[in-house]
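J.: Handing you this structure, nothing more for now.
The values are calculated or read from the model by the stated rules, or taken from the named source; none is laboratory data. No experiment lies behind these values; they were computed from the predicted model shown. Cβ placement follows ideal geometry from the backbone for every residue including glycine, while neighbour counts extend to all protein chains displayed.
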Amino acid sequence: MVLSRKILLLCLLAFAIAALFAACGDDDDDASTPSATATEAGIDISDVPELSDGKLTVGSDIAYAPNEFYVEGTQDATGMDVDLINALGEAMGVSVEFQQVAEFSGIVGDLQAKRYDIVVSSISVTPEREAVIDLIPYFGPVGTGILTPAGNPNNFATLEDLCGFKVSAQVGTYQVDQVTALNEGACASNPITLTTFPDNPASVQELIVGRVDAQLADDPVAAYSEQLSEGEIEVAATGFEAATYGIGMRKDSPELKAALEAALQQIIDDGTYDAILEKWNQTQFALES
């Protein structure tokens with residue numbers, strides 16, 4: 001009877017030791033498995049060459065508040081677009097790095113030269129751009145806003161009202177195309193004098209100091225410029241020739257495009273998209289389904 005008890009105790013001890021080692025083995029397996037991966041989120045990025053380094057590089061002209069801009073006194077990018085792309089990166093399980101482009105007018109060429117994986121900079125989706133790069137709509141439609149001195153002294157209500165006046169805009173933007181079209185059409189006999197600047201803040205400053213009669217920018221940006229001016233300028237009219245914003249990528253990046261589309265749908269479905277737009281007071285421009 002005593003011998004049987006000793007045998008039983010030895011068996012129980014052996015079983016406990018085996019269980020302990022098995023548990024340790026399970027812990028090692030867990031440690032080697034990421035706690036959250038893009039695959040677990042339903043987004044497979046294993047075949048996306050641009051993301052093989054675990055990073056999404058984004059080219060942007062970071063001077064177009066509130067969509068993308070630097071926190072004052074820093075080189076930290078912030079804004080609605082920045083938050084949205086960071087959310088896409090998180091959904092895909094990769095880090096995101098924003099890089100300042102030399103100038104907005106060259107952003108498509110920089111993308112084609114493979115300086116960035118994608119470009120995101122309040123880029124309006126137009127047939128001309130879609131001819132050379134792929135674009136995933138993610139915001140809007142957004143139209144053009146007309147900024148004027150407070151009180152709108154020239155009573156601008158339409159783009160055609162700008163004929164014969166001095167106007168500023170950022171080089172490479174859709175607003176430059178709009179003025180060009182006006183000068184070839186409705187304003188041909190009384191053309192708009194257009195002055196362009198490398199970035200939007202410089203274009204707005206031209207209006208504030210009185211060297212132009214109006215400034216053109218996307219509706220959200222025009223509204224934000226009015227807010228920052230503390231009453232010096234106002235948005236006289238908005239919504240002209242609305243277009244959606246698009247995330248731009250090279251046409252030879254179909255795998256990246258598919259992953260980004262899946263990530264965008266995920267953040268829309270889980271409410272992240274709406275929360276970001278609400279944070280930046282842009283819910284009225286949520287992507288139309």
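J.: Could you look through segment 146-175, keep only residues that are of a type in the set (Gly, Ala, Ser) and surrounded by fewer than 23 Cβ atoms within 10 Å (Cβ to Cβ), and pick out the one that is farthest from the chain's Cα centre (by Cα)?
T.: Residues of segment 146-175 of a type in the set (Gly, Ala, Ser): 150-151, 157, 164, 168-169, 172.
Filter once more, keeping what is surrounded by fewer than 23 Cβ atoms within 10 Å (Cβ to Cβ): 150-151, 157, 164, 172.
Numbers: ALA150: 30, GLY151: 33, ALA157: 30, GLY164: 35, GLY172: 17 Å.
Applying the filter and picking the extreme gives GLY164.
J.: Just to verify a result, which residue in segment 89-104, among those that are in a loop (DSSP other than H, G, I, E, B) and β-branched (Val, Ile, Thr), is farthest from SER121 (Cα to Cα)?
T.: The first filter runs over segment 89-104 and keeps only residues in a loop (DSSP other than H, G, I, E, B), leaving 93-94, 101-103.
Next, from what is left, pick out any that are β-branched (Val, Ile, Thr): 94, 101.
On the way: VAL94: 20, VAL101: 10 Å.
Out of the qualifying residues, it is VAL94.
Rundown of residues vs (1) surrounded by fewer than 22 Cβ atoms within 10 Å (Cβ to Cβ); (2) at positive phi, yes/no style:
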position: VAL204; (1), (2): no, no
position: SER225; (1), (2): no, no
position: GLU232; (1), (2): yes, no
position: THR238; (1), (2): yes, no
position: ALA259; (1), (2): no, no
position: ILE267; (1), (2): yes, no
position: GLY271; (1), (2): yes, yes
position: ALA275; (1), (2): yes, no
position: GLU288; (1), (2): yes, no
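J.: Look at ALA263 and say whether it is out of contact with any strand residue (DSSP E or B) (no Cβ under 8 Å at 6 or more places or on another chain), crowded, with 19+ Cβ neighbours inside 10 Å and not in a loop (DSSP other than H, G, I, E, B). Don't jump to the end; show me each part of the working.
T.: Working: out of contact with any strand residue (DSSP E or B) (no Cβ under 8 Å at 6 or more places or on another chain): yes; crowded, with 19+ Cβ neighbours inside 10 Å: yes; not in a loop (DSSP other than H, G, I, E, B): yes.
The answer is yes for ALA263.
J.: Let me ask another. From GLY246, GLY172, which residue is touching a Leu at 6+ places or on another chain (Cβ under 6 Å) and within 30 Å of PRO49 (Cβ to Cβ)?
T.: On the way: GLY172 fails: touching a Leu at 6+ places or on another chain (Cβ under 6 Å).
When all the criteria are applied, what remains is GLY246.
J.: Next question, about the same structure. I'm trying to understand the selection: among the residues of segment 66-88, which are assigned to a strand (DSSP E or B) and free of Cβ contacts under 8 Å to residues at least 40 places away in the same chain?
T.: First, the residues of segment 66-88 that are assigned to a strand (DSSP E or B): 68-70, 77-78.
The answer is PHE69, TYR70, ALA77, THR78.
J.: Additional query: Do the conditions hold for THR57, that is, is it of a type in the set (Val, Ile, Thr), outside any helix (DSSP H, G or I), surrounded by fewer than 20 Cβ atoms within 10 Å (Cβ to Cβ) and touching a Phe, Trp or Tyr at 6+ places or on another chain (Cβ under 9 Å)? Walk me through how you get there before you give the answer.
T.: Numbers: of a type in the set (Val, Ile, Thr): yes; outside any helix (DSSP H, G or I): yes; surrounded by fewer than 20 Cβ atoms within 10 Å (Cβ to Cβ): yes; touching a Phe, Trp or Tyr at 6+ places or on another chain (Cβ under 9 Å): yes.
Judged against the criteria, THR57 is a match.
J.: Quick one: which of GLU97, GLU68 is surrounded by fewer than 16 Cβ atoms within 10 Å (Cβ to Cβ) and either in the same structural domain as LEU277 (by TED's automatic domain parsing) or modelled with pLDDT of 95 or more (or both)? Can you show your working first?
T.: Numbers: GLU68 fails: surrounded by fewer than 16 Cβ atoms within 10 Å (Cβ to Cβ).
It is GLU97.
J.: Are any residues in segment 122-132 touching a helix residue (DSSP H, G or I) at 6+ places or on another chain (Cβ under 8 Å) and part of a loop (DSSP other than H, G, I, E, B), and if so, which ones?
T.: If the condition is that a residue be touching a helix residue (DSSP H, G or I) at 6+ places or on another chain (Cβ under 8 Å) and part of a loop (DSSP other than H, G, I, E, B), then SER122, ILE123, THR126, VAL132 are the ones that fit.
J.: Would you confirm whether or not segment 75-93 contains a residue that is of a type outside the set (Asp, Glu) and at pLDDT below 95?
T.: Taking segment 75-93 and keeping what is of a type outside the set (Asp, Glu), we get 75, 77-80, 82, 84-89, 91-93.
Restricting the remaining residues to those that are at pLDDT below 95 gives 75.
Within segment 75-93, one or more residues are of a type outside the set (Asp, Glu) and at pLDDT below 95.
J.: Oh, and also: Whether any residue in segment 110-133 is buried (at least 17 other Cβ atoms within 10 Å of the Cβ), closer than 19 Å to GLU226 by Cβ, in contact (Cβ under 8 Å) with a residue 40 or more places away in the chain and under 21 Å from the mean Cα position of the chain (by Cα) is what I want to check.
T.: yes
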